[in-house]
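Since the structure comes first, as structure tokens, the remarks are kept for the end.
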Ligand code: 13P
């Protein structure tokens, strides 16, 4: 280009040397700009290019690989912008991509857990037909508050008596496959008699253990992260040796018009659940993955359904990223209900529809069972809602069962009232409550409910 124009100018001979040199200098400048920009523009278009201001930026050698990856990133950016523009036309305001996914490589392939076969057997046994979990892993503080309500001091001796009452209930195994313990109760004080694990094994149900160490306010507006990953592998080995075969970790998310749950809280909790799940599986414990969206709030049932779906989807993605063995885990979600301060109620059929339809959109069919928490519902509501799920969705790909805490204990605690002479009656009631939920897990609950208490809701419930 430079040569051609120079020749043209020299042929004219009528121009002065100054003019020639000026033209040459200008053309050289333009040619340099053209070359650097790798432009295919013709000479006429070059005149439109304005020379850039002089820059003293250091010159860096750029490897071919880098140039190629820059091109790839640019293409990705271009595609994303194009996709977002199209999405906007469809009325959707695109959510910013915060995942950094384009820069992250795929998770590595991994050997299954050495306990793989055992995990599957345990998970299937926990969610066996017509059976569920008794969640009695309340912290010492929480169980203490309950004992105080019936005038019993919060001492180890009484906490021990209470759990023995439950675990020694005749034929408890008819509807309860397993129970979750708090660390203190997995390693009990020998002074108080037979260890719980031995009582449980004798009565043919599987011991589990809560392994998280509670929640800590971490994000905006007090949203929490659940802790307990530190030293978890060593603890899991210790729990396995002591007889535990499954574990529980509760992540807590709440709905608030200020913007909770934030994606930060959802994703961080999903990742912790996934790390916990993987560590447990590698050490022989079936993880119960519990992302609980609290029912506190003024929102309606649709909002509860929508937020829960997002939380579950993020949790499944995180579980896939750690190569969880789906067949060796269980999910423990909240049922979908209107917010407790919404002034609205929902029929068991509505609850069932929202709950199971949401799960169908997020949970792999390879997971053997869902064991719902009761979350503050009354004992009767929890049973009837579970029953409706099984009646309306008899072909759901997973077992739909229970892992109730409050909804299996409230009436029994009241019947016991801390008195020796009430133990037998309290155990009969516990059996009847368990049986009602066992029937609900088959969609066969009919008739009157044995509960003697109403709502068990507590704002911002701490386990
Ligand atoms: P609730 O059934 O009382 O909600 O408790 C179940 C549970 O284990 C929560 O982590």
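The values are calculated or read from the model by the stated rules, or taken from the named source; none is laboratory data. Model, not experiment: these values are computed from the prediction. Positions of Cβ are backbone-derived with ideal geometry, glycine not excepted, and every protein chain shown enters the neighbour counts.
I'd like to check something: does segment 337-349 contain any residue that is more than 28 Å from residue 125 (Cβ to Cβ) and assigned to a helix (DSSP H, G or I)? Spell out the reasoning first.
Let us first name the residues in segment 337-349 that are more than 28 Å from residue 125 (Cβ to Cβ), namely 337-347, 349.
From what's left, assigned to a helix (DSSP H, G or I): 349.
Checked against the condition, which is being more than 28 Å from residue 125 (Cβ to Cβ) and assigned to a helix (DSSP H, G or I), segment 337-349 yields at least one hit.
Of the residues 151, 228, which single one is on the phi > 0 side of the Ramachandran plot, part of a loop (DSSP other than H, G, I, E, B) and within 15 Å of the ligand (Cβ to nearest atom)? I'd like the intermediate steps shown before the answer.
Details: 151 fails: within 15 Å of the ligand (Cβ to nearest atom).
That would be 228, the only listed residue that is on the phi > 0 side of the Ramachandran plot, part of a loop (DSSP other than H, G, I, E, B) and within 15 Å of the ligand (Cβ to nearest atom).
Among all residue pairs at least 6 apart or on different chains, which show Cβ distances below 6 Å where the first residue, located in segment 285-311, is more than 29 Å from residue 125 (Cβ to Cβ) and the second is in a strand (DSSP E or B)?
Sorted first by the residue in segment 285-311, then by its partner, the pairs are 307/293.
So which of 216, 245 ends up being surrounded by 15 or more Cβ atoms within 10 Å (Cβ to Cβ) and in contact with a strand residue (DSSP E or B) (Cβ under 7 Å, 6 or more places away or on another chain)?
Values: 216 fails: surrounded by 15 or more Cβ atoms within 10 Å (Cβ to Cβ).
Unique residue meeting the criteria: 245.
Looking at 259, 284, which one is farther than 22 Å from residue 361 by Cα and surrounded by fewer than 19 Cβ atoms within 10 Å (Cβ to Cβ)? Walk me through how you get there before you give the answer.
Details: 284 fails: surrounded by fewer than 19 Cβ atoms within 10 Å (Cβ to Cβ).
The unique qualifying residue is 259.
If you scan segment 173-187, which residues turn out to be at pLDDT 95 or above and in a helix (DSSP H, G or I)?
173, 174
Take the residues in segment 188-213 that are under 21 Å from the mean Cα position of the chain (by Cα) and in a loop (DSSP other than H, G, I, E, B); name whichever of them is surrounded by the fewest Cβ atoms within 10 Å (Cβ to Cβ).
Here is the first cut: in segment 188-213, the ones under 21 Å from the mean Cα position of the chain (by Cα) are 208-213.
With in a loop (DSSP other than H, G, I, E, B) added as a condition, the list becomes 211-213.
Working: 211: 24, 212: 21, 213: 17.
Step by step, filter segment 188-213, then rank; the result is 213.
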